[in-house]
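Peer 1: Below is the structure I would like to discuss, written out as structure tokens.
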Amino acid sequence: MPQESHRRLVEALTSRGYNAEREAVTLLADAGEPELAAEAAAEAAGDAFVVTAAHAREALDGPLLGGDPESEATPDEPSHPEAAEGAPDLAAKAPTDMEAGNDSTPADELLTEEDEGSPATGGGEDEGSSALGADDDEESSPDADSDDTNVSTGSENRDNRQEESGSGAETKGSTGEDIVEPSTTAEAVGDRSPPAPEIRNDVTGRSTGTGEYEEFVGTFQDRYDRLAGLLRGRVNHRPAEAIQSMPGGSDAEMIGLVDDIRSTASGHWIVELEDTTGTFPCLIMKDRAFAPLVDDLLLDECLAVQGTLADDGGIMFVDSLHFPDVPRTHKPNTADRHVQAALISDIHVGSQEFAQDAWDRFAEWLHTPEAEAVEYLLIGGDMVEGVGVYPDQDEELDVVDIYDQYETFAEELKKVPGDMEIVMIPGNHDAVRLAEPQPAFTEELRDIMSAHDARFTGNPSTVTVEGVSVLMYHGVSLDEVIAELPEEKASYDDPHKAMYQLLKKRHVAPQYGGHTRVAPEEKDYLVIDEVPDVFHTGHVHKLGWGKYHNVLAVNSGCWQEQTDFQKSVNIDPDYGYAPILDLDTLDMTVRKFV
Ligand code: D5M
Ligand code: FE
Ligand code: ZN
């Protein structure tokens, strides 16, 4: 049984974004005040993500824990940037600085990344912002239309799930898909040799953040620029500063990040929008058709509004509201041969609840003729259970050392056919930086997992396989979307609907300062720049899928049975399912291995 001091120490380390070796925890827990011990350990560990026993010893010898009396203790200063509270003020920085930020290398890099494109998405699709704006501009009543009313419900029952297709949307890819018991034929299949996937929007090796709070201004500036770019075709944006000096009664249109949402005494809503010049309050009357959309708003997401200024010019009465959104006309790319990808996540090797039997059956099935077309395995994070991710988690560990967990995971991976193309992103249980965007696994961890020639990329990343672009994101923000939005818009039972909201907001983790830790980067890697053909997440350990404006959203369940925590909060995980995606039709079949 871990003592209270262990638990508090692990919590203090976790809140700073660190995992820790068990031995380190033991050493530090005896050192006294947990916050101070954690701070000292964080200083010793620096950029490492796992506090090792060596770091712990260094911390014990250091100034904070009584080693060198010369140095000042700074226990209040968060060692990881994400611990800072509140989104930075977009307008807080001098315009010259912001311009410098725009012109700097990462923006060029971004262009290069996009220009390279994939053979399939580069030509056929017109995802550019102007096309996007124009598409949605044609809609006659943007307020009502900007809601996702064309997404029908169809997946209440797991045994009878249907892909959801929008009204008027083409029916391609909307054939029913069942949960299928795999055949037990154990014949081996011939060699697969799929072409290599192409990866874009990967932060790995490009991280510019040094963790200074001020750097968030640059991140938010980039978020604003790119999401506003998607909305420019629909409204004639005037900067907040200009709107502030317009006469009362003028028509006004503005694009901004949501800075505040509050209700008035009479039940109307004031949404404060911020751009690089300032903020402006926008009033949404409760009786407007689009007023319910206020329930869907998250802080820091990007919106456009059109309306009229009040007589005194101090507030805008909103007539229409626009989200960056995915154009309804989006036509997904498909493979030009029959080939499939298994989309899985949350394996949690090292946990006592790791579903070993189900995993073995899945791996075995991949060797059968039935799985011959499954040439790709895309894993959405949480390969291992990790150490010190949640309080008391160590009580349910089967393998206690983080590196041993990766060794064990590597053994499990060896059961998967060697000729499959594997792509992995990390999750919040993995031993990389917690703050998003998360860089890919380090060389040290890659070495451990080297039995397969897998591809390692950051969280999030866009991975194009056989021309089909798959946005892979672990999904930590889904907890937040589910907590903040009404049940019918996002719930653990229908995790794909929470994904629809992220697609609509064109951002994988809109809200800053909450549960999802965000790292400051010059580019906001969490913006969904390019409309993906498939959006793949995990994290919430629930299975769900459906189509949003023709983008297939899949949350892929897990390989971990119910943990004590999940029991205590009534989460019933969907473990042992493998969603199998037909890359040539974008139809899905879910295979069940429990
Ligand atoms: O988290 C799996 C799901 O369970 C995700 O929705 C978060 C939630 N979860 C699990 N353990 C905890 C604790 N201890 N606190 C809060 N939320 C929790 P994953 O991170 O993938 O294991
Ligand atoms: Fe998980
Ligand atoms: Zn997770």
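Peer 1: Please list, or write none, the lysines whose alpha carbon is within less than 28 Å of the alpha carbon of LYS523, excluding same-chain residues fewer than 8 places away.
Peer 2: LYS93, LYS331, LYS497, LYS504, LYS505
Peer 1: Further question on the same structure: So what are the ³J(HN,Hα) numbers for the stretch 491-503, from phi and the Karplus equation (6.51, -1.76, 1.60; θ = phi - 60°), rounded to whole Hz, Gly and Pro as x?
Peer 2: Once rounded to whole Hz, the list reads 8, 5, 6, 10, x, 5, 5, 5, 5, 4, 5, 5, 5.
Peer 1: Also: Calculated FRET efficiency, MET246 and ALA289, Cβ-Cβ r, R0 22 Å, to nearest 0.05?
Peer 2: Details: r = 26 Å, r/R0 = 1.17.
According to the calculation, E is roughly 0.30.
Peer 1: For GLU212 and HIS338 in one chain, what is 0.36 nm times their gap in residues minus the Cα-Cα distance, to one decimal in nm?
Peer 2: Details: separation 126, 0.36 × 126 = 45.36 nm, distance 4.84 nm.
Length difference between fully extended and current span is 40.5 nm.
Peer 1: Contour minus end-to-end for ASP312 and ASP61, with contour as 0.36 nm per residue of separation and end-to-end as the Cα-Cα distance?
Peer 2: On the way: separation 251, 0.36 × 251 = 90.36 nm, distance 6.40 nm.
Value of the extension gain: 84.0 nm.
Peer 1: Need one number: nm distance between label points at GLN566 and SER263, each 7 Å from Cα along Cα→Cβ, rounded to one decimal.
Peer 2: Label at GLN566, label at SER263, 3.5 nm between them.
Bear in mind these aren't lab numbers, they're just calculated from the coordinates by the rules spelled out. Please read all numbers here as calculations on a predicted model, not as lab measurements. Glycine also receives a Cβ, built like all others from the backbone with ideal geometry; neighbour counts cover every protein chain displayed.
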